[in-house]
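Following: one structure in structure tokens, then a few remarks.
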Amino acid sequence: MTDGEKPEFEHATIVAHQIKSPVGSLHTILQTLLGGFAGELTPEQKRMLQGADQKCNEALDTIRGLLSLSQVQQRVAGGREVSELVSALHAVHEKFADAAAEKGVELRIEQETDMAHVGLDARHLDEALSALIDNAIKYTPEGGLVNVRLAVAEEKNEVVLNISDSGIGIPQDEFRNLFNPFFRASNARKHMPSGTGLGLAFVKAVFEATGGNISAGRSELGGAEFSVALPRKPVPETSETEERREPSMRVVVIGGVAAGPKIAAKVKRLDPGAEVTVIEMGRILSYAGCGLPFYISGLVNDQRELISTPEGVLRGLAYFQNVKDVRVLNRTEATDIDRKNRKIRVKDIVSGEQTLIPYDKLALATGAIPKVPEIPGGTLQNIFTLHGLEHAEGIKEQLAEKRAKDVVIVGGGLIGVEMTESLVSAGSRVTLIEMESHILPNLLDEEISDLVRRHFEDKGVRVALNTRVTGFEGDGKVEKVLAENGEFQADMVINGTGVKPNTQLAAKAGLEIGTTGGLKTDEHMRTSDPDIFAAGDCVETRCIILDEPAYLPLGSTAIKQGRVAAENICGIKSTFPGIVRTSVCKVFDYTMARSGLTETQARQAGFNTTVSITPGIDRSHYMPGAEMIIIKLVADQASGRLLGIQAVGPGEAAKRVDVAATAIAAAMTVDQTANIDHCYAPSYSEAMDNLHVAANVIKNKMAGHMHGISAGEVRNRLDAGEELVLLDVRTHSEFGGARIEGSVHIPINALRGRINELPKNREIIVFSRVSLSAYEASIILKANGFDTVRVMDGGITMWPTSKSS
């Protein structure tokens, strides 16, 4: 602003102070009238009041702009504040990243330095940078680019900032007036009629007050370019008497999603003097990847909720810099580890520039990468993996535009199962293809998995088991999924065939890889190099039950491992004991939860197992909201040790699995599990909790009081032509539901009087709704001389149904 302009500006500022209060009061009165507090308004009255309110808002914006200009001249001009420009620039980038993404504009930052101090207070610096970047995004059309470049002019001891865009630009003859108060370029007024014309005047005042300058011109990208030059200031001392100290140690963390940020934050808490740097290939770090299916379904509306703390603070670059004091290099790839000299070579993904970063301790948290089958057509469009926010946005876009009418999910593991509800809720016809005989094959035994399959089919999902995908077909975009036993129409495919540890960097550096393919660590999360630690989905862990290597990538495990790694980096000898394979997921109205070994896994490991399958209500039956859960427990016949649990149903399954997981990890027996002192109230459980009942059934079997048989085995024996007596002891009120063909119905309360109707020379299989009455019936039969009596585990609830093909 020139000296000739100051008197007019000062006069305008005085007027602004004088009219701010009455205009604000008028705005409040208009809002009150529009809110209906003074009675019903006619359409014409409402239109006139809304117009007046809009004018008040515009006047208030102008007043605020004038007062901001006044404050800049009074505060910045003689101020001694010093701010760090690089972190401020990244904080503004983070602030506008979502707005740019929503508009389809790429917002890019290029920097030649990691630190540059300028003579401005943080608030005015943020406001000035925000005004420039906001304008660039606002006037750049969809598909455009906003490029921010930060460089250092050593000879002038200046920091040079260039903000260029591919937007509408500025008419050549209007550059000279661009920074005058109230001036707006003619094409800007056409593009966006509202505006005060004070933003660039404010920006100029901020930068000139600190001895800098700003100019505008035409960008090589076709739009406008703003060039800012600011004098560099020395790094401020932390105190007047204390010299800047060297860091206590340099810690570099590679990976910024789950385990990596945990390591970085914990190291800074334990050792505030440490210099911690996080290197992350993606733009966004520390996001809740496990929440992606719920973001796709719309249950989580805003992507920012996945990258926020529980208090709602975005976990972006500014958060880690300002709150955690952690330096973050996002969109940066670690390409090499020089173990001998303890340096990391990194490459800026945008610019291609390579640099070396030294470390005293290194932590690898490189995560997992999708297993993508190498089959024909795999590169067609609309074939996604659910790996990262970018793929989630791609899936969400297809669903929002109703282009994905037929969706095929390849793989019936956790990823595929968790995605199904999101797709169905969006109106898609969904087919789930699994090459094994049942879905969730590594997590559930077949009879429990069958319950999930039935629930899927009740919700309209087609489940194709024992089906191997051989290729994809389509003209540019996927149209068909080809399989050995048929083909499936598809507008979109989700590849849910699982993930594998991302250990390429570690292997290249010569670190030891475990038998599961994950990076091998000891119980302190230390790799084969004593100065390198690792945590998360790139790491092989140990199964506590079998004391052997295991790989189960979960965010909860990554966070716990990250904490242990950080403590050991800081000299605290903590350990991570391993896992018992606990996991849970939501399946429409069902919960699927499990821990430990399945019956199949336990037998493969050499255990002689005893199992129980017990359906039951998750709280007292008379309480509102009571729902069914089916629990399967697996125990070692010899020792009585609890080995595993699976729970499925609409009721509260996770609570029971969490308790059982604790018992499994502690090597507790079913006797001990049956007597765990659970909390009890009718709203939360029966007096004998579901887990207690399941444990007691195994105790009864081990003691010889009950002889069980699975529903699947009964079905197989009948199909083989064996002559079995199936005795249904459900009451008449229960008998109206599902029935087993050929069974004999004698209600439990009539059994003693009709016992002579049953043959003693044939094996009797007793069942009821959940087999509690069947156990009572078996005792009655044995007491009356029936020698071969078995109870069908789980009752009619577990009776197999035909499977999709």
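The values are calculated or read from the model by the stated rules, or taken from the named source; none is laboratory data. Source: prediction; values computed, not measured. Virtual Cβ from ideal backbone geometry, glycine too; neighbours counted across all protein chains shown. Only protein heavy atoms, including side chains, enter the accessible area calculation; ligands, DNA and RNA are left aside. Shrake-Rupley method; radii C 1.70, N 1.55, O 1.52, S 1.80 Å.
Points worth noting:
- Scanning the stretch 560-593 for residues that are farther than 17 Å from residue 413 by Cβ and of a type in the set (Gly, Ala, Ser) gives 562, 565, 566, 571, 574, 578.
- Breaking point among (1) touching an Asp or Glu at 6+ places or on another chain (Cβ under 8 Å); (2) open to solvent by 50 Å² or more (accessible area, probe 1.4 Å), for residue 559: (1)
- Test for residue 495: is it open to solvent by less than 50 Å² (accessible area, probe 1.4 Å) and at pLDDT below 95: yes
- Verdict on residue 773 being open to solvent by 10 Å² or more (accessible area, probe 1.4 Å), on the phi < 0 side of the Ramachandran plot, at pLDDT below 95 and touching a helix residue (DSSP H, G or I) at 6+ places or on another chain (Cβ under 8 Å): yes
- The residues of the stretch 93-121 that are more than 30 Å from the chain's Cα centre (by Cα) and not in a strand (DSSP E or B), listed by number, are 112, 113, 115, 116, 119, 120, 121.
- Residue that is surrounded by the fewest Cβ atoms within 10 Å (Cβ to Cβ), among those in the stretch 380-393 that are among the hydrophobic types (A, V, I, L, M, F, W, C) and within 16 Å of residue 478 (Cα to Cα): 380
- Only one of 138, 103 that is open to solvent by 50 Å² or more (accessible area, probe 1.4 Å) and under 25 Å from residue 286 (Cα atoms): 103
- For residue 440, the stated conditions do not hold, so it cannot be described as among the aliphatic types (A, V, I, L, M), buried (at least 23 other Cβ atoms within 10 Å of the Cβ), over 26 Å from residue 284 (Cβ atoms) and touching a Phe, Trp or Tyr at 6+ places or on another chain (Cβ under 8 Å).
- When the stretch 641-654 is filtered for residues that are closer than 26 Å to residue 702 by Cα and either of a type in the set (Lys, Arg) or open to solvent by 10 Å² or more (accessible area, probe 1.4 Å) (or both), only 641 remains.
- Scanning the stretch 778-796 turns up no residue that is surrounded by 18 or more Cβ atoms within 10 Å (Cβ to Cβ), at pLDDT below 90 and touching a strand residue (DSSP E or B) at 6+ places or on another chain (Cβ under 6 Å).
- A residue that is open to solvent by 60 Å² or more (accessible area, probe 1.4 Å) and either hydrophobic (A, V, I, L, M, F, W, C) or under 13 Å from residue 774 (Cα atoms) (or both) cannot be found anywhere in the stretch 721-733.
- Among the candidates 673, 669, the residue that is buried (at least 16 other Cβ atoms within 10 Å of the Cβ) and in contact with a Lys or Arg (Cβ under 7 Å, 6 or more places away or on another chain) is uniquely 669.
- Any hit, the stretch 711-731, residues being closer than 24 Å to residue 587 by Cα and out of contact with any strand residue (DSSP E or B) (no Cβ under 9 Å at 6 or more places or on another chain): yes
- Taken together, the criteria exclude residue 739 from residues that are part of a loop (DSSP other than H, G, I, E, B) and open to solvent by less than 30 Å² (accessible area, probe 1.4 Å).
- Of the strands (runs of 3 or more DSSP E) entirely within the stretch 365-444, those holding at least 2 residues that are within 19 Å of the chain's Cα centre (by Cα) and within 25 Å of residue 502 (Cβ to Cβ) occupy 368-370, 383-385.
- Per-region count, the stretch 521-556, residues assigned to a loop (DSSP other than H, G, I, E, B) and farther than 24 Å from residue 666 by Cα: 7
- Every condition in (1) surrounded by 15 or more Cβ atoms within 10 Å (Cβ to Cβ); (2) modelled with pLDDT of 90 or more is met by residue 396 except one, and the failing one is (2).
- Only residues that are without any contact (Cβ under 8 Å) to a residue 60 or more places away in the chain and open to solvent by 60 Å² or more (accessible area, probe 1.4 Å) were counted in the stretch 114-135, giving 2.
- For the residues 514, 510, the requirement of being in contact (Cβ under 8 Å) with a residue 60 or more places away in the chain, open to solvent by 10 Å² or more (accessible area, probe 1.4 Å) and over 18 Å from residue 416 (Cβ atoms) singles out 510.
- Residue count for the stretch 673-722 satisfying the condition of being in a helix (DSSP H, G or I) and over 15 Å from residue 634 (Cα atoms): 9.
- Meets criteria (under 18 Å from residue 585 (Cβ atoms), open to solvent by less than 30 Å² (accessible area, probe 1.4 Å) and among the β-branched types (Val, Ile, Thr)) for residue 634: no
- Within the stretch 474-493, tally of residues that are under 31 Å from the mean Cα position of the chain (by Cα), of a type in the set (D, E, K, R) and part of a strand (DSSP E or B): 2
- Contact annotation: residue pairs with Cβ atoms under 8 Å, 6 or more positions apart or on different chains, pairing a residue in the stretch 746-764 that is more than 20 Å from residue 795 (Cβ to Cβ) with a partner that is outside any loop (DSSP other than H, G, I, E, B), are 752/780; 755/780; 755/781; 757/744; 759/725; 762/725.
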